[in-house]
Amino acid sequence: MRFHVIFPLIALLLPTLVRAQAAEEKAMQQASAVAEPYQGGWGVPADAGRKDTGGLYDAVPMRNAQQQLDHIRWERNASLARNAGTMPPADHARLVELSAALSSAAPNSFEAHMANYYAQFPAPAAFQQLELAMMKDVDREELIAPRLANAARRDNTTELTARAKDMKARGRMAPALYKVAEDILASVEPSAVLFAAGEMDAYPLWVEQFANGRQKDVLVIDERLLVDPAYRMRIWERTKARGDVSGQPGFIANLAAATNRPVYLSLALGNAAMAPLKERLYVTGLAMRLSSTPVDNIPLLEARWDRLKKPLDAGPLSKNYLVPGAVLLTHYRAIGDETRASRLEHELRGMAQKLGATSTLVKSGILEH
């Protein structure tokens, strides 16, 4: 089934990525109070939209650099949660402002470099700040995810393996995201090129591959890092793509046309990445195959649907399971298979009710009421 048939549903279901004294400071360093999206911090924090304060942390004085850094991370996560995994210019400007204030209050500190990392990510300059932060304290928990992303950005397999193992051991990854990662890998062909959205899908995918040894032949690309020309060149070379390296605009489509490896997109990717390609996308599970020639994806979905783990506690990513289910349900209705359509509709209703997505399925026409 062509992707554009189900595209309105995906657009509605796009995940929201989100994605003291001395003793207290030490405890905060060991396990930060701010949960990242990949740790389960995927909701909008309380009071995140307060216009009078600009955020919860504005209501209390900042006592030290660690609190200021947590404030910045909190603001970043709240913005991502409010805006489907993207950060509007106004929110980014505030992040830059807060970063500058921390750099002024605690210049050349670990916290200042990490603040600059968050403010500049995903530009290459952010990773220069990461290196400076590592020189201050290489064992801090805040470094685990950025170092994993940096290893992938540099396409350093040895480093990526070490960082993936560190994420598994100390990163406090939300367990359900590992199940999502397994389902994504089960939805692609061997030696596939898979474009992921970032923290909530790329990070657990890399752990599954490089810490747990699953499907390392699949090349997982963090779509956010395509802003880096050096990263784009590495990907182009790794996939043995023909011709000149593509620029960032149109990179996914251009790579698919230039490589012999099958190209897939994670369902966690946003509308900006998927919409220009919708006529050539085919849902194959928790991923979509990008192909200029028709793909018979229904047999693939039928074979995979019952084997998918389908965790309902993976935050916004759980809603992505409704997409392949909706494709299958639409197919069963089209061919008049009432038995399988009824069974699948019952399953989707139960999932949607638990995920608070019933109205979305009704609005998209998947459910009648």
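The values are calculated or read from the model by the stated rules, or taken from the named source; none is laboratory data. Worth saying up front: this structure is predicted, and the values here are computed from it rather than measured. Glycine gets a Cβ as well: all are built from the backbone with ideal geometry, and neighbour counts include every protein chain shown.
Within the stretch 220-229, not a single residue is part of a helix (DSSP H, G or I), in contact with a strand residue (DSSP E or B) (Cβ under 7 Å, 6 or more places away or on another chain) and hydrophobic (A, V, I, L, M, F, W, C). ASP217 - would you say it is under 29 Å from ALA257 (Cα atoms), surrounded by fewer than 24 Cβ atoms within 10 Å (Cβ to Cβ) and modelled with pLDDT of 95 or more? Yes: the conditions hold for ASP217.
Per the listing LYS309, LYS319, the residue uniquely over 18 Å from the mean Cα position of the chain (by Cα), at pLDDT 95 or above and in the same structural domain as GLU199 (by TED's automatic domain parsing) is LYS309. When ALA84, ALA78, ALA112, ALA119 are checked against the criterion of being among the small types (Gly, Ala, Ser) and either surrounded by fewer than 19 Cβ atoms within 10 Å (Cβ to Cβ) or not in a helix (DSSP H, G or I) (or both), a single residue qualifies: ALA84. Evaluating VAL60 against the criteria (1) more than 24 Å from SER359 (Cα to Cα); (2) over 22 Å from the mean Cα position of the chain (by Cα); (3) modelled with pLDDT of 55 or more; (4) among the β-branched types (Val, Ile, Thr) leaves one unmet condition, (3). For the stretch 237-250, does any single residue satisfy the condition of being touching a Lys or Arg at 6+ places or on another chain (Cβ under 8 Å), of a type in the set (Val, Ile, Thr), assigned to a strand (DSSP E or B) and crowded, with 18+ Cβ neighbours inside 10 Å? So far as the stretch 237-250 goes, no, none of its residues is touching a Lys or Arg at 6+ places or on another chain (Cβ under 8 Å), of a type in the set (Val, Ile, Thr), assigned to a strand (DSSP E or B) and crowded, with 18+ Cβ neighbours inside 10 Å. Does any residue of the stretch 302-320 turn out to be of a type outside the set (Ser, Thr, Tyr), assigned to a helix (DSSP H, G or I) and in contact with a His (Cβ under 6 Å, 6 or more places away or on another chain)? Among the residues of the stretch 302-320, not one is of a type outside the set (Ser, Thr, Tyr), assigned to a helix (DSSP H, G or I) and in contact with a His (Cβ under 6 Å, 6 or more places away or on another chain), which makes the answer no. Just one of the listed residues (ALA253, ALA257, ALA275) is at pLDDT below 95 and assigned to a helix (DSSP H, G or I), and it is ALA275. In the set (1) under 27 Å from PRO37 (Cα atoms); (2) part of a loop (DSSP other than H, G, I, E, B); (3) not aromatic (Phe, Trp, Tyr), the condition left unmet by GLY350 is number (2). Picking from residues in the stretch 87-109 that are outside any helix (DSSP H, G or I) and polar (S, T, N, Q), the one that is nearest to TYR38 (Cα to Cα) is SER109.
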